[in-house]
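Participant: Questions regarding the structure given below will be posed in turn.
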Amino acid sequence: MKGAILQKGEKFYTDLLDVFNSIGNIQNEYNWLITNLENCIWVDKKEVFMNEKGFKDYVWISGEELTKIQEENYNFQWIWGVFSGFKKDVSKDEVLKNFTWENLPFANGYDGFWKNPISIQHPLADIEIVAWDSTLTLLISRDDQIVDRFMKNKSYAQSLEEYNEEIVPTCKTLSNKLTKKIDILIKIGDILAKNKRFSLAMKQYQKALDLLPPPKSFWEINTRIYVALADICFFTGKYQKGLDYLFEAQTCFDVRNDPFIMLRIGQCFFELDRLDKARVYLYRAYSTEGKKIFDKDDGKYLEFLEKSL
């Protein structure tokens, strides 16, 4: 099994038709389970991907039909999505057996991408393509030649295993001197936020963020700053901006499954009436910490989740 990560050299991420071309257009040899969808509403035939509640928990589609939809929507960008490919002799019933909405393949929060040996989420899948928040594309395959072909055709693609060895371990801490400066700014921001002086608090957090050398996602402390910014947005009703900060917080790989971040993401989605997404993230927080993680927040979030289970 091999993997590749593509996060530079493209006009945008993820153009699935371009990915298919880069792996030799073998997608028709598979049926596809598509999960963790987001922001594909402009695609023709959106009823394939959505229902009256929003994005479907999953879509089962042939390679031929998926290719046709992509060709009809040239240069279409997938923001989030996990595309799990199965050989044609594997049935939909086999694929979905023992799987429910809460354990279907997902992108944000799955640690198996970021540690070696890498893994495909569904045990019956042969290939997995991941659209990651419009910032990168992941490809993992049990057939090493597919990944080799992708990397040959995408000169900026990198071995995911090498990336994990070289990049992920650097997501740690800064020098003590710089950390102290940032800590002071964060503490000042915390005091201001506690006293509901949110505008001034955000300025302190932003100053702390500006002290981080690029790329900011390498530094563990960025999580504290982004979560603090997200909290202010949450408590002032700026839920979409809060989501933006929370997803930034998760760019440090050590915290992708942090239950509090999952909780707050779920709450923001709930307030935006995107209940399909809210359910998924609230469940991830609940499955890690249980009911206690909801203790300090409005009971409506736990009530919603319990009714959804």
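The values are calculated or read from the model by the stated rules, or taken from the named source; none is laboratory data. Predicted model only: the values in this text are computed from it and were never measured. Positions of Cβ are generated from backbone atoms using ideal geometry, with glycine treated the same way; all protein chains shown enter the neighbour counts. Protein only, heavy atoms only, side chains kept; ligands, DNA and RNA dropped before computing areas. Shrake-Rupley method; radii C 1.70, N 1.55, O 1.52, S 1.80 Å.
Participant: Of the conditions (1) in contact with a Cys (Cβ under 8 Å, 6 or more places away or on another chain); (2) of a type in the set (D, E, K, R); (3) open to solvent by less than 20 Å² (accessible area, probe 1.4 Å), residue 46 clears all except one; give me its number.
Facilitator: The single condition residue 46 does not satisfy is (3).
Participant: Further question: What pairs come out if I take residues in the range 179-192 that are at negative phi and pair them with residues that are of a type in the set (Phe, Trp, Tyr) whose C-beta lies under 7 Å away, six or more apart or interchain?
Facilitator: Listed pairs, sorted by first residue: 186/205; 189/205.
Participant: Can you pull out the residues in the range 212-229 that are over 17 Å from the mean Cα position of the chain (by Cα) and either within 22 Å of residue 271 (Cβ to Cβ) or modelled with pLDDT of 90 or more (or both)?
Facilitator: The answer is 224, 225, 228, 229.
Participant: Under the condition of being at pLDDT below 95 and on the phi > 0 side of the Ramachandran plot, which residue from the range 2-41 is surrounded by the fewest Cβ atoms within 10 Å (Cβ to Cβ)?
Facilitator: Only one residue tops the list, namely 9.
Participant: Before we move on, is residue 97 surrounded by fewer than 15 Cβ atoms within 10 Å (Cβ to Cβ) and either at pLDDT below 95 or not basic (Lys, Arg) (or both)?
Facilitator: Values: surrounded by fewer than 15 Cβ atoms within 10 Å (Cβ to Cβ): yes; either at pLDDT below 95 or not basic (Lys, Arg) (or both): yes.
Considered against the rule, which asks whether it is surrounded by fewer than 15 Cβ atoms within 10 Å (Cβ to Cβ) and either at pLDDT below 95 or not basic (Lys, Arg) (or both), residue 97 comes out as yes.
Participant: Got a number for residues in the range 240-258 being modelled with pLDDT of 90 or more and buried (at least 19 other Cβ atoms within 10 Å of the Cβ)?
Facilitator: Going through the range 240-258 one residue at a time, the tally reaches 4.
Participant: If I filter the range 80-92 for residues that are of a type outside the set (Gly, Ala, Ser), without any contact (Cβ under 8 Å) to a residue 40 or more places away in the chain and open to solvent by 20 Å² or more (accessible area, probe 1.4 Å), do I get at least one hit?
Facilitator: Residues of the range 80-92 that are of a type outside the set (Gly, Ala, Ser), as a first pass: 80, 82-83, 86-90, 92.
From the residues that got through so far, the ones that are without any contact (Cβ under 8 Å) to a residue 40 or more places away in the chain too are 89.
Still in the running and open to solvent by 20 Å² or more (accessible area, probe 1.4 Å): 89.
Yes, the range 80-92 contains at least one residue that is of a type outside the set (Gly, Ala, Ser), without any contact (Cβ under 8 Å) to a residue 40 or more places away in the chain and open to solvent by 20 Å² or more (accessible area, probe 1.4 Å).
Participant: Moving on. Which residue, of 90, 82, is closer than 27 Å to residue 260 by Cβ, out of contact with any helix residue (DSSP H, G or I) (no Cβ under 8 Å at 6 or more places or on another chain) and among the β-branched types (Val, Ile, Thr)? Can you show your working first?
Facilitator: Values: 90 fails: closer than 27 Å to residue 260 by Cβ.
Testing whether each residue is closer than 27 Å to residue 260 by Cβ, out of contact with any helix residue (DSSP H, G or I) (no Cβ under 8 Å at 6 or more places or on another chain) and among the β-branched types (Val, Ile, Thr) leaves just 82.
Participant: Does residue 283 satisfy the condition of being surrounded by fewer than 22 Cβ atoms within 10 Å (Cβ to Cβ), in contact with an Asp or Glu (Cβ under 6 Å, 6 or more places away or on another chain) and closer than 20 Å to residue 54 by Cα? Please lay out each step first, then the result.
Facilitator: Numbers: surrounded by fewer than 22 Cβ atoms within 10 Å (Cβ to Cβ): yes; in contact with an Asp or Glu (Cβ under 6 Å, 6 or more places away or on another chain): yes; closer than 20 Å to residue 54 by Cα: yes.
Here the answer is yes, as residue 283 does meet what is asked.
Participant: Taking only pairs six or more apart or across chains, which ones have beta-carbon atoms under 8 Å, a first residue in the range 108-137 that is within 20 Å of residue 86 (Cα to Cα) and without any contact (Cβ under 8 Å) to a residue 40 or more places away in the chain, and a second residue that is open to solvent by less than 10 Å² (accessible area, probe 1.4 Å) and part of a loop (DSSP other than H, G, I, E, B)?
Facilitator: 121/105
Participant: Oh, and also: Which residues, counting only those in the range 1-37, are over 24 Å from residue 162 (Cα atoms) and among the hydroxyl-bearing types (Ser, Thr, Tyr)?
Facilitator: 30, 35
Participant: Right, another one. Does residue 186 count as farther than 22 Å from residue 258 by Cβ and β-branched (Val, Ile, Thr)? Give the steps one after another, and end with the answer.
Facilitator: Working: farther than 22 Å from residue 258 by Cβ: no; β-branched (Val, Ile, Thr): yes.
Taking the combined requirement at face value, the residue does not satisfy it.
Participant: Find all pairs meeting these conditions: Cβ atoms under 6 angstrom apart; at least six residues apart or on different chains; first residue within the range 3-21 and closer than 11 Å to residue 134 by Cα; second residue of a type in the set (Gly, Ala, Ser) and surrounded by fewer than 18 Cβ atoms within 10 Å (Cβ to Cβ).
Facilitator: Between residues of the range 3-21 that are closer than 11 Å to residue 134 by Cα and residues that are of a type in the set (Gly, Ala, Ser) and surrounded by fewer than 18 Cβ atoms within 10 Å (Cβ to Cβ), the close pairs are 13/134.
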